[in-house]
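What follows is calculated from the coordinates using simple rules that are stated; it is not laboratory data. Remember, predicted model here, so these are calculated numbers, not experimental data. Neighbour counts run over all protein chains shown; Cβ positions are idealised from the backbone, glycine included.
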Amino acid sequence: MTGSDYYIPAGVLAIALVVKSPSFWRTWHSPMSKSIFVILTSSAAGFVFGAPPTIERVNRITGVPNISALIVYCILSCLSCGSLVLLMHWRGGPEETVRRHTRMWIAATAAVIATFCVLFSLGNVPIEQQRDFDTFYATTPYAREMIVLYLTAHTTTSLVVATKCWRWARELRDLQAAWTHWGLLILVAAFGLTLSFALAKFLAVGARWAGTDTWDSLSTDVAPPLAGLGAGMTTIGFLLPVVGPQLGSIWVSWRAYRAMEPLWHALEPFSGPGKPMRIRPTSSPEIRAMARATDISDRLLNLAPHLDGSHREAAERYASAQGCESEAALIFAEAATIHAALAAAKAAGTPASGQTAVAVAVETSTTLPTRVSGTNGLARLSIQFSKIHRSGFPAGAAHSESN
């Protein structure tokens with residue numbers, strides 16, 4: 001792996017860190033916010049300090065050969081601890097229990113990092129190794145123990161987190177927890193990769209203990225990509241349940257906005273004399289959908305004098321007779337009634353501006369003259385209206401067949 005293989009994911013994680021920084025500032029008292037901050041920061045730092053160009057530069061600046069290995073070990077230990085702490089607070093439980101387990105893992109991580117520092121200072125690692133420190137010094141006293149401790153801690157953390165995530169994912173059956181469910185499955189895969197990373201390192205180190213270097217490629221070529229992919233997936237897995245619902249809301253609003261377009265255009269002659277609501281180019285899909293739903297509601301009020309209640313009832317009976325469920329029949333009836341009302345208005349020569357309809361609607365109605373409201377409801381109404389309009393369904397067909 002070259003420097004860019006490390007710096008590009010580090011840059012992506014840094015961008016995520018900057019984007020989330022306002023949220024961190026507002027909710028810094030929350031253990032979950034602190035844990036996410038640690039995960040993003042340590043993931044980005046791990047990529048930066050694990051890059052061969054950074055390793056060479058850090059070793060040269062500090063004047064301590066291979067100190068980058070110690071730094072990377074400490075950073076990845078913080079990442080593992082942050083992942084465990086976040087998972088515990090994410091899952092919840094008795095507050096005292098969560099707090100006790102959090103303190104335990106933080107203390108254990110601090111002890112491991114302190115042990116790393118002691119073993120590194122006692123070991124003799126004078127020859128700089130940018131890519132194969134673990135295998136080159138696998139048999140060196142004290143450095144050997146540091147490497148084994150690092151890989152053991154990494155393996156243990158990966159197993160614990162992956163197991164906890166898998167058990168929790170199996171417990172989630174509620175559709176409302178879908179984002180959490182998928183986040184947990186991504187975490188299972190991510191920590192499975194980090195476990196594979198540790199096992200590959202162990203095999204290469206074990207081969208060195210056996211007196212052969214033929215398996216060094218597992219440590220230098222196979223393990224680093226696994227660690228990089230695992231770190232990226234870990235970040236995604238923890239952020240998905242937080243960002244996912246927001247993205248889902250944006251997608252639903254955008255689909256509703258697009259779905260309401262046929263009905264919105266069909267009702268344009270009844271937009272009234274007022275100026276249309278101005279939408280900024282930077283407006284969110286939620287605001288766009290709300291504005292379009294408001295326009296449709298206003299135009300339906302202007303169309304109210306042409307809406308026939310008997311036609312609505314007949315259309316609903318017709319839809320029910322065709323086997324439609326009650327909600328689908330209601331949507332069909334409202335769409336057919338609007339379709340018939342537009343045809344009736346056109347036959348009556350209603351002014352394009354809709355000013356006559358406006359005056360009547362304002363005097364006779366103060367509520368939406370349909371039983372469908374809301375962006376999602378109006379989106380479904382628009383889809384059904386579009387189907388009726390495209391099929392050439394006669395305005396009075398449902399009424400006549402029902403009778």
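Structure summary
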| item | result |
| --- | --- |
| Test set (1) loosely packed, with under 15 Cβ neighbours inside 10 Å; (2) hydroxyl-bearing (Ser, Thr, Tyr); (3) in contact with a Ser or Thr (Cβ under 9 Å, 6 or more places away or on another chain) - residue 97 fails condition number | (3) |
| Inter-residue pairs, beta-carbon under 9 Å, first surrounded by 12 or more Cβ atoms within 10 Å (Cβ to Cβ) and in the stretch 57-70, second outside any helix (DSSP H, G or I) and among the acidic types (Asp, Glu), 6+ apart | 59/128; 65/128; 66/128; 68/128 |
| Selection count where residues are in contact with a helix residue (DSSP H, G or I) (Cβ under 9 Å, 6 or more places away or on another chain) and not in a helix (DSSP H, G or I), scope the stretch 1-41 | 5 |
| Candidate set: the stretch 266-322, residues that are touching a Phe, Trp or Tyr at 6+ places or on another chain (Cβ under 6 Å) and hydrophobic (A, V, I, L, M, F, W, C); chosen: the one farthest from residue 336 (Cα to Cα) | 289 |
| From 116, 120, residue being in a helix (DSSP H, G or I), closer than 19 Å to residue 77 by Cα and in contact with a Phe, Trp or Tyr (Cβ under 7 Å, 6 or more places away or on another chain) | 116 |
| Scope the stretch 132-157; condition under 22 Å from residue 78 (Cβ atoms) and touching a residue at least 60 places away in the same chain (Cβ under 8 Å); matching residues | 133, 134, 146, 150, 153, 154, 157 |
| Total residues in the stretch 28-47, condition out of contact with any Leu (no Cβ under 7 Å at 6 or more places or on another chain), surrounded by 13 or more Cβ atoms within 10 Å (Cβ to Cβ) and farther than 25 Å from residue 70 by Cβ | 3 |
